[in-house]
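Bear in mind these aren't lab numbers, they're just calculated from the coordinates by the rules spelled out. Note that the coordinates shown come from a computational prediction; the quantities given were computed from them, not determined experimentally. Glycine also receives a Cβ, built like all others from the backbone with ideal geometry; neighbour counts cover every protein chain displayed.
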Amino acid sequence: MGIAEFIQGLTVQVMSIAWLLFLITWVIGWAVRGSPIPIHRVKRTGQSLVEDAVLAAFWMALGSSIFALISYITSSIYQPMPPPPQP
Amino acid sequence: MTNADVLLLAMDLAILTYVIGVLIMALPIPYAGFKRWGVRLIADGISAAVLISIFSIIITLGDLLLGNLNVSWPSFHSWLAARTAVLVAVFTALTYLTSALKATPYAFITSPINIALTYVSLALSSLKVIYFLSSLVSNLRNELAALGILLYSIPFRVGRSVGAFLIAASIVMYVGFPLMPAFIAQFQPSNLEQFRGVMRIQGKVVDSLYHRVPYPLMYFYSTEGGEEPLGVIIGDRNGTFTIGGGKDILPREFKFLTEVGFMGYYFSTEPSYISSNESTVVLRVPSLIYSSGLALLKPRDVRVEDYIVGNGILSVVLTGNEGFNDLVLAKLANTTVTKVTINDEVFSCSWNPFEWNGIDIVVCEIKPNDVGAGKLNVTVKYTPTGYVKPAVDERRITYIESVSELLLAYISLGIAYVYTFIFLPGVYVTFLVMMSAALARVFGGGARIRLI
């Protein structure tokens, strides 16, 4: 196994763990937020956990699109201008 | 591993960095400082991906800037080579000067010259560093940039600063090194110009018939008089000799009287001097006719009307004033003369041997009784031999106009050299490194991207 394959495998593993963690965090967040503990700080912590988890899920879902967008923009910058249309 | 492979690996690392960032963000740990690392890693992954994608643009940017500034790497390399040649010439000249002065009353100058030599060798070392750096940048620029991007993409900012520096250096130094000549020319002291060219005069010694004289012994005298020659130099087998060019210490302007030593005799030349105005000179010896181990010596004003030289025959028709009869036939000891005829009459030579600078020479004075109206037809039949190099120690010209002037000239030259060959390139390389570091800051962390 080459280093590139190793890194790719690692990325897939990390990504699946991240999805799992998102679910866990989201659940914990809501659990903490909805728990019958009348302490405002605890509820706020639950709220922030939910927010972070959602943001993480958002960036994770957007990840491949972001990288694709970067390649698209830079390749279109580097491409020479198309020839003028012929009449 | 090609650059494309390195960039692919870097892209994988960038994606890994991004995913790790997301993972940290998704962790159920409610610490803002810890979460901030997640955001940072996401931003790092994106900036690394941008850099990977613009790799070709980075490389093209260097060439574009070079083209816009109208400089090129080949011209920089030729500039470097010219500077190395100047330094090597100065090094040789100084080394020679110290060895030449050792046995003279001016031996005390050798101590400051040795210091100058140290500086020249230091300048050579600094030039070596520039050679190394510039060849590294020009040959491995793409690899350096790719390696920089790879280091840049490693998660947790492990190689971020060094990677950004490598990327920045591959642009700045690629454009900056060919600009070095312009920078140094701007600040170069003017007195370096006059020392730039090392004077070199190439000369050729020919006989009365414009045939080359092998291994001529060149004596140079001062025009102000003086018995002692300033220098004694042996020409090569083709009769050519070189003065200057790092071997002699010549004044900026000079005129030396010349004398040629050949086969035990000393001849004046035409022209009778060499001067700093000409770079090539042909010195003719009008009293000498030479052919393969045999020489006919005649008075200077006697003209050669006709001649045959070669195939074991030397035949000349000489015309001069009435009654001239002082000719000398000189030959190497191993040259056999079979017959000498003067005006078609056989002349019997009485040969007198002598040794001159390790060469055995035999001479015969030709004093014919009857010189028909100032015209002599001399024919010599002989077996030709090659001429041998005289065993003389060369004494190169070390012309000292005045000791203080020489010392001052060398001190100012030394300062100019230290300034131009060590200080200015050093400043410029430092300048390039600082600019690379500044550009690396732009790539590597100066700009913060806020995603939340």
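Remarks
- Taking Cα atoms only, the orientation of helix B:3-26 departs from the longest principal axis of chain B by about 20 degrees.
- Mean Cα-pair separation over length for the range B:41-163, i.e. relative contact order, pairs under 8 Å, 6 or more apart, %: 31
- For the range B:32-150, the spread of Cα positions along the three principal axes, ordered from largest to smallest, is 82, 39, 20 Å.
- Working value for the protein assembly as shown: equivalent-ellipsoid semi-axes of 89, 25, 18 Å, each the square root of 5 times a Cα gyration tensor eigenvalue, largest first.
- Whole-Hz ³J(HN,Hα) from phi, Karplus 6.51 cos²θ - 1.76 cosθ + 1.60, for the range B:67-74, glycine and proline x: x, 5, 7, 6, 10, 8, 5, x
- Karplus-derived 3J(HN,Hα), 6.51/-1.76/1.60, for each residue of the range A:44-57, Hz, glycine and proline x: 5, 4, x, 4, 5, 4, 5, 4, 4, 5, 5, 4, 4, 4
- Sum of side-chain charges, B:Glu228 neighbourhood, beta-carbon under 13 Å (Lys, Arg +1; Asp, Glu -1): -2
- Average beta carbon contacts from partner chains per residue of B:9-16, 10 Å cutoff: 5
- Size of electric dipole in the protein assembly as shown: Cβ of Lys, Arg +1 and of Asp, Glu -1, about Cα centre, debye, nearest 20: 3080
- Take the Cβ atoms of B:Thr60 and B:Ser121, set R0 to 41 Å, and the FRET efficiency comes out at 0.50.
- By the count of neighbouring beta-carbon atoms within 10 Å, fewest first, A:His40, B:His77 end up ordered A:His40, B:His77.
- Whole-number percent relative contact order across chain B, with pairs defined as alpha carbons under 8 Å at least 6 apart: 16
- Projected label points at B:Val427 and B:Val346, each 7 Å from Cα along the beta carbon direction, are separated by 8.6 nanometres.
- Computed E for B:Thr2/B:Glu394 - FRET, C-beta separation, R0 60 angstrom, nearest 0.05: 0.55
- With viscosity 0.692 mPa s and temperature 37 °C, the Kirkwood radius over alpha carbon pairs of the range B:107-210 converts through Stokes-Einstein to a diffusion coefficient of 179 µm²/s.
- Contact order relative to length of the range B:228-330, as percent, for alpha carbon pairs under 8 angstrom and 6 or more apart: 16
- For B:Tyr273, distant residues with modelled amide H under 5 Å away: B:Thr258
- Site pair B:Thr280 and B:Gln202 shows an inter-label distance of 0.6 nm when each label is modelled 7 Å from Cα along Cα→Cβ.
- Net charge contributed by nearby residues that have their C-beta within less than 11 Å of B:Phe156 (K/R +1, D/E -1): +2
- The gain in end-to-end length when the B:Lys128 to B:Asn114 segment is fully stretched comes to 3.0 nm, 0.36 nm per residue minus the alpha carbon separation.
- Applying the criteria of a DSSP loop state and at most 13 other Cβ atoms within 10 Å to the GluC sites (Glu not before Pro) of the range B:216-271 yields B:Glu224, B:Glu227, B:Glu253.
- Within 10 Å of the Cβ of each residue in A:17-24, the mean number of Cβ atoms contributed by other protein chains is 5.
- Summarising the amide proton neighbourhood of B:Phe347: residues at separation of 5 or more, or on other chains, whose placed amide H is nearer than 5 Å comprise B:Val340, B:Thr341, B:Ile342.
- 5 angstrom amide H check on B:Ser287, placed H, neighbours 5+ away: none
- Rounded FRET efficiency, nearest 0.05, which uses the C-beta distance separating B:Glu228 from B:Gln188 and R0 of 45 Å: 0.70
- Farthest toward positive dipole pole in the protein assembly as shown [+1 Lys/Arg, -1 Asp/Glu at C-beta], among B:Val429, A:Gly29, B:Gly67: A:Gly29
- Cut-off 14 Å between beta-carbons: net charge of the residues surrounding B:Lys102, Lys and Arg +1, Asp and Glu -1: +2
- Most mobile listed residue (A:Val42, A:Val50, A:Val32) in chain A, GNM with C-alpha springs under 10 Å: A:Val42
- Mean per-residue shielding of peptide A:52-62 is 6, counting Cβ atoms of other chains within 10 Å of each Cβ.
- The protein assembly as shown: calculated mean residue ellipticity at 222 nm from DSSP helix runs of at least 4, using -39500 (n - 2.57): -17500 deg cm²/dmol
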